[in-house]
1. Being farther than 16 Å from SER555 by Cα and part of a helix (DSSP H, G or I) is the filter here, so list the residues in the stretch 472-490 that pass it.
2. Tell me, please, whether a residue that is charged (D, E, K, R), under 20 Å from ASN546 (Cα atoms) and either out of contact with any strand residue (DSSP E or B) (no Cβ under 6 Å at 6 or more places or on another chain) or open to solvent by 10 Å² or more (accessible area, probe 1.4 Å) (or both) can be found in the stretch 632-652.
3. Scan the stretch 292-309 and tell me whether some residue there is in contact with a Gly (Cβ under 6 Å, 6 or more places away or on another chain) and outside any loop (DSSP other than H, G, I, E, B).
4. Just to be sure I understand the filter: pairs with C-beta atoms under 8 Å, separated by 6 or more residues or on different chains, first member in the stretch 496-516 and closer than 24 Å to ILE39 by Cα and more than 16 Å from the ligand (Cβ to nearest atom), second member among the basic types (Lys, Arg) and assigned to a strand (DSSP E or B). Which pairs pass?
5. Can you list the strands (runs of 3 or more DSSP E) lying wholly within the stretch 500-569 that have 2 or more residues being over 25 Å from ASP588 (Cβ atoms) and aromatic (Phe, Trp, Tyr)?
6. Restricting attention to the stretch 123-139, does a residue exist that is open to solvent by 10 Å² or more (accessible area, probe 1.4 Å), closer than 24 Å to GLY203 by Cβ and either modelled with pLDDT of 95 or more or of a type in the set (Val, Ile, Thr) (or both)?
7. Can you pull out the residues in the stretch 232-280 that are open to solvent by 30 Å² or more (accessible area, probe 1.4 Å), within 16 Å of the ligand (Cβ to nearest atom) and among the basic types (Lys, Arg)?
8. Looking at (1) open to solvent by 30 Å² or more (accessible area, probe 1.4 Å); (2) in a strand (DSSP E or B); (3) on the phi > 0 side of the Ramachandran plot, which one does MET209 not meet, given that it meets all the others?
Amino acid sequence: MKTKNKIFTILLTSCVAFSTAQTSKFTFDLDGSPTNIKIQPTMYGIFFEDINFAADGGIYAELIKNRSFEFDEPLMGWKQQNTKTLSPNLDSGFLTIYSDHSKTNKNYARITVYNDKNYILENEGFWGIGLHQGAKYDFSFDLENVSGNISAVNASLVDENGTVISTVPILIKGKGWQKYTAVFSPSRMVEKAKLQITFTGKGVVNMDMISLFPQDTWKGRKGGLRKDLVQKLYDLQPGFLRFPGGCIVEGRTLAERYQWKKTLGNVADREYLINKWSSGFAHRLTPDYYQSFGLGFYEYFQLSEDLGAEPLPILSCGMACQFNTAELVHLEELNPYVQDALDLIEFANGNESTKWGKIRAEMGHPKPFNMKYIGVGNEQWGEDYIERYKIFEKAIHAKYPDIKIISGSGPSPDGEFFEYGWKELKKLNAQIVDEHYYNSPEWFTKNAGRYDAYDRSGPKVFAGEYAAQSVGVVKPDNKNNWQTALSEAAFMTGLERNADVVTMTSYAPLFAHADGWQWTPDLIWFNNLQSYATPNYYVQKLFSNNKGTDLIRISENGNAVKGQNQLFASAVEDSKNNEVIIKIVNTDSQEKLIEINPKNIKIGSKLTKTTLTASQLSAENNFQTENIKPLEENSLIKKGKFSVQIPSNSLVVLKVK
Ligand code: AHR
């Protein structure tokens, strides 16, 4: 046994040990003759949006909520208490907010301490602060000593009962604004700790940027990203990273759209913005959901590079979310938006002598990011979109003819707006059109043939947002259960079979904080300490890790396998590893015996079979156990026809040299 999950079995003739009387048998022909259809390296990617506290409170590892008092209610996340009564009795001290309107982050706290024995300032974190035993946490703040004799700031991390877990005294030196730092080493693990600050002495101080980060971030970067979450993305081997969304690109209003230029430079100077999803759904209001932009565009490009994924930024096209205010920029006033797109390409790809290339270099990346794709608008529809898209397309391609532009076909996979969008985009020779579908598991299995009849000479398809919904779109009780994942797997064989049309795909949304989510289902769930991969994640991983390089045909009686007898299949060749990879999905409650009949192709004798299945369609993974995860077996087969057992309700990936 090599690993816990790898079972090596050597069978001399076939990997099928048993087949029961009821098992139906089918023969699939595997045709090795070239289709001349390449599987694009971008075929399986990642959709990232700051929804469900995916960025702030999630992958961006800052543990203090509202660290610089910039929320519209500047004391959100903060509490002042009397140490003795633990009530908000402010006799012993109080905090006021001062603002310097010449700055992007204008607010700071002025703290007046009358009785240092009795005054505490507390931050609640994001549903608490997750602390790992033995890990180290960088604590820092900016402080100006205004008057009096405050000689120290005493910072403590306390557990849910107020018991101190780790404490650091920090001596105050001099008068002017200074940065102070200390390191916490928690003596035990706590999921929902809080930060408490007390003072030694009486007087007045100003404080700002009160920050706490784990030292053990992804690649050990200071003020970086949460390691376990990035690792899960890395393990997907994604072909691209789409960012920053989603509707967040558009904003509820134009003023609240995502503006990438405001997300660069020193993190302390990045202007906060209310998150669109704070009030997205009445059933999950999160008024304390803001964007600090600590994860900004530079960091998104850096993350793409770390993941080996093509960066795919999506920009506002001058239309606020059409589900919200639907505000529009007049065509004559669109220029700054178009300029943002041109400047972004210069930021990513320009050399250091260009204005924006220089800014990228100064932030630490002199080499260009080599960006190849840009999205114009997220999920827009109607004439207003087409008019604006045309202006962007003309300007981008005039200056950067090699950049590939992603356009959108709206929020639905069919209907009037979808048809209209596609018709117009085809006329305009659009390069890649983004389609979104959130639908029932039945829709996904029924639509495995969706792209079979797509025009081969038209734009390519980016299946940019999709996920099967166990209850219904935006229903709060949707689950990431095996039924949804299995239906996505069935559908994905159809994406792969049509790799000449579909060149990019991504599940959405990506992340959800178990305490802070607004939208379900999501690919990866996390809390302050842990994360788990859903069955849907493992489906994505199996396809992405086995995407191969060239499509080959797999058929039954001359027909593509797309739902007959509840079986779905696709096959690829991986020319780098000299392997054939077959994906078979069985959505039936009966197991199947599949005879694979290789034609025009010689196959080796070592077969790797990876099975993803669950005891029940309603089964889910959770923080305690990931029961649904791939199981790998190796066996020897005859060099020729071979048979494989495909369990009921399963995805099976077969790999053979
Ligand atoms: O993925 C959640 C949302 O669904 C995206 O922000 C939006 O593009 C779509 O409507």
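1. TRP482, GLN483, THR484, ALA485, LEU486, SER487, GLU488, ALA489
2. Yes: the stretch 632-652 contains one or more residues that are charged (D, E, K, R), under 20 Å from ASN546 (Cα atoms) and either out of contact with any strand residue (DSSP E or B) (no Cβ under 6 Å at 6 or more places or on another chain) or open to solvent by 10 Å² or more (accessible area, probe 1.4 Å) (or both).
3. No: the stretch 292-309 contains no residue that is in contact with a Gly (Cβ under 6 Å, 6 or more places away or on another chain) and outside any loop (DSSP other than H, G, I, E, B).
4. Here the result reads GLU496/LYS583; ARG497/LYS562; ALA499/LYS38; VAL501/LYS460; VAL502/LYS460; THR503/LYS460, each pair linking the stretch 496-516 to a residue that is among the basic types (Lys, Arg) and assigned to a strand (DSSP E or B).
5. Fully inside the stretch 500-569 and qualifying: 524-526.
6. no
7. ARG252, ARG257
8. For MET209, the exception is condition (1).
The values are calculated or read from the model by the stated rules, or taken from the named source; none is laboratory data. Computed from a prediction, not measured in an experiment: that's the story for all the values here. Cβ: placed from backbone, ideal geometry, glycine included. Neighbour counts: every protein chain shown. The area values use the complete protein model at the heavy-atom level, side chains included, leaving out ligands, DNA and RNA. Shrake-Rupley method; radii C 1.70, N 1.55, O 1.52, S 1.80 Å.
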